[in-house]
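Since every read-out is calculated from the coordinates, none of them should be taken as a lab result. Computed from a predicted structure; not experimentally measured. Don't worry about glycine lacking a Cβ; one is built from the backbone with ideal geometry, like all the others, and counts go over all protein chains shown.
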Ligand code: OAD
């Protein structure tokens with residue numbers, strides 16, 4: 001797909017003139033790192049219905065009734081994250097911050113923005129890498145290698161008998177019951193409040209931004225999907241990067257983030 005040079009130049013000019021930039025990302029920014037999105041044709045919610053897999057209650061019910069299916073779901077979610085590395089889009093976003101103050105607000109839980117070098121990242125849907133107690137105090141951090149080990153054990157839990165005990169043993173580093181009570185990843189599932197202080201900071205960042213780049217999100221899940229409205233009220237100009245048309249009134253750069261973002265940052269600020 002040709003990269004709409006006039007629109008690209010318009011977007012680059014806005015970035016050059018900006019004092020404060022927010023980059024708001026969804027699953028699409030990590031698609032080229034091999035992590036499926038949620039609602040595209042090969043998305044997670046096509047294979048695993050959100051009623052059963054996007055709520056803690058649904059997950060617990062599935063664990064008790066069909067532990068093999070929960071093992072399959074967790075494996076499908078964790079395995080791509082365990083092996084992923086940042087792609088050209090994550091790296092371009094990190095590079096942008098060399099030229100203009102950038103706050104990254106992400107709905108992703110894969111840590112790829114941080115791995116690419118972005119420093120100020122608001123994880124409004126939490127993270128798979130931090131294990132918290134009931135009061136959301138961080139107990140420990142996991143590495144990608146820890147996630148890979150959990151995946152190997154989940155693979156075994158999917159086969160054979162005694163699936164529930166094997167499942168619980170496989171996910172012990174991730175969630176379970178300890179002396180001090182339940183522990184689990186710092187994740188925001190459906191029906192939960194967004195992660196704090198990230199969400200409060202994200203709203204303030206967006207209200208103050210003069211350019212908001214929205215990358216790879218369907219913008220369907222509230223309250224995060226309210227950020228574009230906050231940006232418009234604050235007078236920011238909004239640029240979308242996505243293969244799908246977000247609709248007027250914002251500027252839309254049509255295509256893959258990994259192809260567009262490096263070109264946009266280079267056009268705005270020159271080569272590295
Ligand atoms: P979605 O799956 O809803 O949307 C992914 C978006 O990425 C779509 O607009 C795609 O067109 C776009 N996309 C796909 N490949 C792309 C690429 N290479 N470059 C750029 N864009 C691409 O994912 P999210 O919007 O992130 O929440 O979903 C929002 C929330 O819904 C998630 O955080 C998750 C989910 O349920 C919770 O689980 C709480």
Cα-derived Rg to Rh of the range 125-175, Kirkwood definition
1.04
Between helix 144-157 and the chain: long-axis angle, C-alpha atoms, 0 to 90°, nearest 10
40 degrees
Taking Cα pairs under 8 Å and at least six residues apart, what relative contact order does the range 103-223 come out at, in percent?
27 percent
Using alpha-carbon pairs under 8 Å, 6+ residues apart, how would you state the relative contact order of the range 1-132 in percent?
26 percent
Just order 126-132, 146-152, 188-194 by mean Cβ neighbour count inside 10 Å, highest at the front, would you?
126-132, 146-152, 188-194
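By counting other Cβ atoms within 10 Å of each Cβ, how are 269, 222, 24 ranked from fewest to most? If you can, show how the numbers build up before the last one.
Working: 269 16, 222 9, 24 30.
Neighbour counts put them in this order, fewest first: 222, 269, 24.
For the range 1-52, compute the orientation-averaged projected area of the C-alpha convex hull (one quarter of its surface), in nm². Provide the component values of the computation, followed by the final result.
Numbers: hull surface 23.2 nm².
Averaged projected hull area, Cα only: 5.8 nm².
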Mind checking the angle between helix 5-17 and the chain's longest principal axis? C-alpha axes, 0 to 90 degrees, to the nearest 10.
90 degrees
Count the DSSP beta bridges whose two residues both fall in the range 164-252, then state the antiparallel fraction as a percent rounded to the nearest 5.
30 percent
20 Å cut-off, amide nitrogen to a point 7 angstrom out along residue 4 Cα→Cβ, residues in the range 230-250:
231-232, 236-250
What does the convex hull of the Cα atoms of the range 46-197 come to per residue, in Å³, rounded to a whole number?
120 Å³
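If the viscosity is 0.890 mPa s and the temperature 25 °C, what translational diffusion coefficient in µm²/s does Stokes-Einstein give for the range 102-146 when Rh comes from Kirkwood over Cα pairs?
Values: Rh = 11.4 Å.
In µm²/s, the coefficient is 216.
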So the angle from the long Cα axis of helix 67-83 to the longest Cα principal axis of the chain, reported in degrees to the nearest 10, equals 40 degrees
Rg/Rh (Cα only; Kirkwood hydrodynamic radius) as it applies to the range 155-255:
1.18
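Give the Kirkwood hydrodynamic radius (Å, one decimal) of the range 63-131, defined as one over the mean of 1/r across all pairs of different Cα atoms. Kindly include the intermediate steps, with their values, before the conclusion.
Numbers: mean 1/r = 0.0736 Å⁻¹.
In the range 63-131 this quantity evaluates to 13.6 Å.
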Debye intensity ratio I(q)/I(0), log10, the chain, q values 0.07 Å⁻¹ (C-alpha model)
-0.26
Calculated FRET efficiency, residue 177 and residue 266, Cβ-Cβ r, R0 35 Å, to nearest 0.05?
0.10
At q = 0.10, 0.21, 0.26 Å⁻¹, work out log10 I(q)/I(0) for the range 1-95 with the Debye formula, treating every Cα as an identical point scatterer and leaving solvent out; two decimals please.
-0.43, -1.10, -1.34
Can you tell me the relative contact order of the chain? Whole percent, Cα pairs under 8 Å, sequence separation 6 or more.
26 percent
What Kirkwood Rh does the range 196-272 have if only Cα atoms enter the pairwise 1/r average? Answer in Å.
13.4 Å
